[in-house]
Each structure stands twice: as C-alpha cells, then as structure tokens.
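Coordinate-derived values only; no laboratory data. Since the structure is predicted, the reported quantities are computational estimates derived from the model, not experimental observations. Cβ: placed from backbone, ideal geometry, glycine included. Neighbour counts: every protein chain shown.
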Amino acid sequence: EDFDGLSSSEFSTDERLTSFESITTYNNFYEFGTDKSAPSALAADFPDPAKPWQITVDGECDNPGVFDYQEFIQPYTLEERIYRLRCVEGWSMVIPWVGFQLSEVLKKAQPNSRAKFVEFTTLYDPEQMPGQRRRVLQWPYKEGLRIDEAMHPLTILAVGLYGKMMPGQNGAPIRLVVPWKYGFKSIKSIVRIRFTEKMPLTAWVESAPHEYGFYSNVNPEVNHPRWSQRRERRIGELLKRETLMFNGYGDHVAEMYSGMDLRKYF
Amino acid sequence: MRLEYSKPLVFSLALLPFCWLVYGLLTDQLGANPIETLTRETGLWALRFLLITLCISPLCWLTGMNHWLRFRRMLGLFAFFYACLHMLLYLGLDQFFDVAEIIRDIKERPFITVGFINFLLLLPLALTSSNAMIKRLGGRRWRQLHRLSYLAAATACLHFLMLVKADTRQPIIYIALLAVLLVWRLIHHRRRQSASAS
C-alpha cells in the first residue's frame with residue numbers, strides 16, 4: 001500500500017465497497033475521452049512524473065500561494081473516507097478515498113469577506129490529456145462550491161483510493177470529493193483553487209444550462225431530462241435501489257439548503 | 001460461392017453480435033456495468049441493421065442485380081430482433097416491469113419517448129413481414145406500409161442523438177449515413193420519373 005496507518009472516519013459508510021477493478025475501469029473523465037473505458041486505457045501513466053504538479057491557491061484570500069504537490073499535501077493528516085458516489089447518469093459506487101478536509105486548505109489561505117464561492121480548475125494539457133484536443137466541453141474543466149459547502153467537513157481533497165496513490169483515471173494526483181452531489185461536481189486533477197465573490201461558471205452548466213445546475217445536489221425528486229434520478233444502479237448489483245436525498249448525507253448537509261427551492265436551484 | 005449457402009451465411013453473420021454479447025456476459029467481459037453495455041450494444045445493432053436493410057435497394061441499383069433483395073427481410077427482422085432485446089433489457093433490467101414506472105418514464109424522459117415510438121414503428125413492419133401478410137395486404141399497400149422503415153431509422157437516430165451527453169460524434173455518423181441513403185432514394189426516384197415522363 002502507498003498509504004499506511006490511515007485513520008478511519010466517523011463519516012465513512014460501512015456499505016460494501018465497489019471493487020477496485022470497477023472503480024478504476026468505469027470512469028467519466030472526458031479529458032481522456034468520452035468512453036468510460038478510455039480513461040483507464042489512456043491515463044495509466046498520468047500525470048507525467050517529469051512535469052511537476054503545481055497547485056495555485058488564490059483569489060479573494062489573504063494568504064495565496066503556489067505549491068508543489070508534495071508541499072501542498074504535506075501539512076495534512078491523511079485519513080480514509082468511505083463515501084457513496086452517485087453519478088448523474090444513474091449509477092453509484094462505494095469508494096474508500098484517502099484524503100483530508102478541504103476546509104483545512106481553505107482556512108490556511110485566509111479567505112477575505114468577499115469570498116463567497118470557491119472555484120476549482122483541472123489541468124489543461126492536451127499533450128497529456130488527449131480528450132482535450134476536441135472541444136467536447138470548454139477546457140479546462142471548472143467546478144465550484146459555495147463557501148459553506150466547501151468548508152463542510154464531508155468535503156475532502158482526495159489523493160488516493162483503496163490505500164493507494166490516486167490512479168490517473170480517477171483524477172491523479174489530487175481531486176475533490178463532495179459525496180452529496182452528483183459525481184461531476186467532484187472535479188479531478190486540480191491545479192487551481194480560487195476564492196471568488198461571484199458564482200463560478202462550471203463546465204457542465206456552461207455546456208448545458210438547462211440540464212445541469214450549479215448546486216447539483218443528489219435529489220431523487222428532480223429529474224435530469226435524460227436520466228430519472230429516483231433510482232440508481234449500484235455497480236456490481238442487478239437490482240436498482242432508491243436514490244436517497246443528498247445521497248444519504250441529508251443529516252449533515254440539508255441545513256445548508258433550508259429555505260431554498262431545490263427545484264429551482266438544482 | 002453457391003447461392004443457396006448465402007442466406008445461412010448472412011444469418012450467421014447477423015447473429016454474431018448476439019453471440020459475442022452472450023459470450024461477454026458469461027465470461028464477465030462487459031465491464032463494470034454489464035447491463036448498460038448490453039443495452040447500448042443491442043440498441044446500436046438494431047440501428048445498424050436498420051441502416052444495413054436500407055442499403056439493399058441502393059445496392060441493387062448500383063450493381064444492377066436484384067438478388068440482394070433475398071436478404072432484405074432477414075436483415076430487417078434482425079434489426080427487430082436486436083430492438084426487442086434492447087426493449088426487453090430496458091423493461092426488465094432498468095424498470096423491472098413496473099408498468100406505472102415505465103409509463104412515467106415514457107412521459108418524462110424525451111429520449112425514452114422517442115425510443116418507444118421507434119419500437120412502435122418497427123412492430124407493424126415485423127408483423128407484416130411474412131409472405132402471407134404481403135399477399136393479404138397486396139404488394140402496393142405493403143410497400144407503402146414499409147416506407148415506415150425510413151421513419152423508424154430516423155427516430156432511431158434521434159433516440160441515439162438525444163441520449164448522448166456531450167460527444168455527438170457517433171450519432172452524427174449514423175445520421176449522415178441515413179441522410180445519404182434517403183437522398184439516394186430521392187434522386188433515384190426523380191430520375192426514374194423523369195425517364196418515364198420522357
């Protein structure tokens with residue numbers, strides 16, 4: 001194992017884990033192609049070790065910085081977080097991530113009073129990411145969270161899974177995991193974290209604003225025009241199961257959306 | 001090759017995708033979500049066989065030989081066979097034969113609506129494919145009815161296009177192929193009309 005002696009977390013589920021094989025061969029990572037099998041075939045050696053991975057933290061904060069990957073993760077204690085992941089396409093997995101709370105990174109950056117949102121950006125490098133040579137989405141991929149969502153203890157930056165370094169196809173070397181939102185919110189291969197005053201324009205909202213909203217909380221009551229969100233197929237299971245509000249994390253996160261019309265803010 | 005072997009040969013070839021899918025399922029080679037793979041592949045093969053069936057007439061005009069026609073019914077029925085598998089997978093393994101849920105789904109999701117209409121268009125074509133039915137309807141009415149196959153191919157393409165999330169390359173290839181086949185027919189019939197007029 002790449003990571004030893006990981007502490008467990010009260011936020012972990014005890015549901016049966018999806019196999020490592022499934023987690024690493026069934027991926028939506030359009031930077032490596034739109035086929036779910038493309039990322040595992042093309043991202044095996046991603047990122048190129050010869051190219052240093054840098055992460056910029058900037059925007060509305062008092063302590064911005066540019067960090068090398070090792071330098072970036074060094075201050076934090078890694079732990080295992082076993083989360084459900086629900087894709088907007090109607091399938092789900094249970095994944096043992098290795099990571100740390102995003103809130104620790106944000107606190108260190110000292111956001112100022114104008115910081116209302118956090119924007120995340122994926123690497124743009126068509127040489128390493130062949131899917132970026134075609135404009136399926138506006139590259140680089142961008143995602144965003146409201147600052148309270150970003151500070152939430154369930155929101156983590158993950159650097160591995162199953163005790164191993166993050167595989168390329170799952171968003172190496174570092175990615176976001178927001179378990180109560182559809183999978184596409186959990187942006188992969190992050191190079192920039194930026195505090196903003198305005199709501200960031202995210203990749204899927206830009207691509208199809210009627211289909212995807214900024215919040216994209218898992219919600220069985222609000223259907224996507226293509227996929228019913230009432231049920232989901234857990235990978236490895238034959239029967240479908242009911243989809244839970246906020247992907248089953250409602251006790252932790254529902255409060256953040258009290259008073260909001262979740263049909264409007266989907 | 002002797003002509004009498006050609007039909008069994010085409011039949012076997014048309015059955016190959018099915019065999020390959022069954023083999024893949026039994027040997028666990030259909031990926032992490034085998035039901036999705038089966039649904040996608042059977043749908044794709046239904047569409048492919050629809051287009052292959054629509055290639056028969058142009059092939060006759062192109063080669064000046066009519067014996068391609070002997071394969072047309074079989075190929076059309078293979079399109080229906082794969083469409084049935086596709087539909088059954090959806091009804092059984094996506095909706096578990098829950099009728100209320102299926103009706104809701106057809107109403108709520110436009111690409112499912114189009115897929116369902118597509119299946120309804122294929123039904124009368126398959127049901128009237130026998131010699132007895134051709135006789136009963138009469139050649140002229142039968143031919144008119146079977147022009148539905150153009151509409152069926154078009155709705156199948158639309159169903160595919162609506163299902164794709166961002167990368168429309170694949171459905172557009174099929175739409176382009178269908179457009180070529182339909183425009184070819186148009187030109188052919190225009191020419192024949194003007195030839196008979198003069």
Task: region A:113-207: GluC sites (Glu not before Pro) in DSSP loop, at most 12 other beta carbons within 10 Å - done: A:E127, A:E197
- [ ] For region A:169-250, give the magnitude of the charge dipole about the Cα centre (Cβ charges: +1 Lys/Arg, -1 Asp/Glu; no others), in debye to the nearest 20.
- [x] 220
TODO: Round to a whole angstrom and tell me the spacing of the C-alpha centers of region A:206-239 and region B:102-146.
DONE: 31
Task: Share of Cα-Cα pairs in region A:20-257 lying beyond 34 Å, as whole percent - done: 9
Task: Estimated FRET transfer efficiency when R0 is 45 angstrom, pair B:S6-A:Q138 (beta carbons, to 0.05) - done: 0.30
Task: Value of [θ]222 nm, deg cm²/dmol, for chain B, DSSP H segments ≥ 4, -39500 (n - 2.57) each, nearest 500 - done: -26500 deg cm²/dmol
Task: Charge dipole (debye, nearest 20) of the protein assembly as shown; +1 at Cβ of Lys and Arg, -1 at Cβ of Asp and Glu - done: 3800
Open item on the list: Once you place label points 7 Å from the Cα toward the Cβ at B:M133 and A:Y76, how far apart are they in nm?
Closed with: 6.2
- [ ] Please turn the phi angles of region B:72-86 into ³J(HN,Hα) values with the Karplus equation 6.51 cos²θ - 1.76 cosθ + 1.60 (θ = phi - 60°), one per residue in order, whole Hz, x for glycine and proline.
- [x] 5, 4, 4, 5, x, 5, 5, 4, 5, 4, 5, 5, 5, 4, 4
TODO: Provide B:I52, A:I193 in ascending order of the number of other Cβ atoms located within 10 Å of each residue's Cβ, fewest first.
DONE: B:I52, A:I193
Task: Neighbourhood charge, 12 Å Cβ-Cβ cut-off, centred on A:G160 and excluding it, Lys, Arg +1 and Asp, Glu -1 - done: -2
TODO: When a/c is below 1.5 the answer is rounded, else prolate if a/b is larger than b/c, else oblate, so apply that to chain B with a ≥ b ≥ c taken from the square roots of the Cα gyration tensor eigenvalues.
DONE: prolate
TODO: Measure of size requested: the Rg and Dmax of the protein assembly as shown, with Cα atoms as the atom set and Å as the unit; please supply both.
DONE: 26.4, 89
- [ ] Taking the Cα centre of region A:20-257 as origin, work out the dipole magnitude from +1 charges on Lys and Arg Cβ and -1 charges on Asp and Glu Cβ, in debye rounded to 20.
- [x] 560
- [ ] Arrange A:M245, A:M129 by Cβ neighbour counts within 10 Å, fewest through most, would you?
- [x] A:M245, A:M129
- [ ] Please work out the Cα convex hull volume for region B:1-64 and give it in Å³ per residue.
- [x] 97
- [ ] Evaluate peptide B:29-41: per residue, the Cβ atoms of other protein chains within 10 Å of its Cβ; return the mean as an integer.
- [x] 4
Open item on the list: Per residue of region B:135-147, what does 6.51 cos²θ - 1.76 cosθ + 1.60 with θ = phi - 60° give for ³J(HN,Hα)? Whole Hz please, x for Gly and Pro, Karplus curve as stated.
Closed with: 4, 5, 6, x, x, 5, 5, 5, 5, 4, 4, 7, 5
Task: For A:E60, residues with placed amide H under 5 Å, excluding near neighbours - done: A:F195, A:T196
Open item on the list: For a quick check: with amide H placed at 1.01 Å from N, whose amide H comes under 5 Å from A:R231's, ignoring anything fewer than 5 positions away on the same chain?
Closed with: A:T243
Task: Options A:T34, A:M245, A:W227, ranked by Cα towards positive dipole end of region A:20-257, top entry (Cβ charges) - done: A:W227
Task: Shielding by partners, peptide A:223-233 (average Cβ within 10 angstrom, other chains) - done: 4
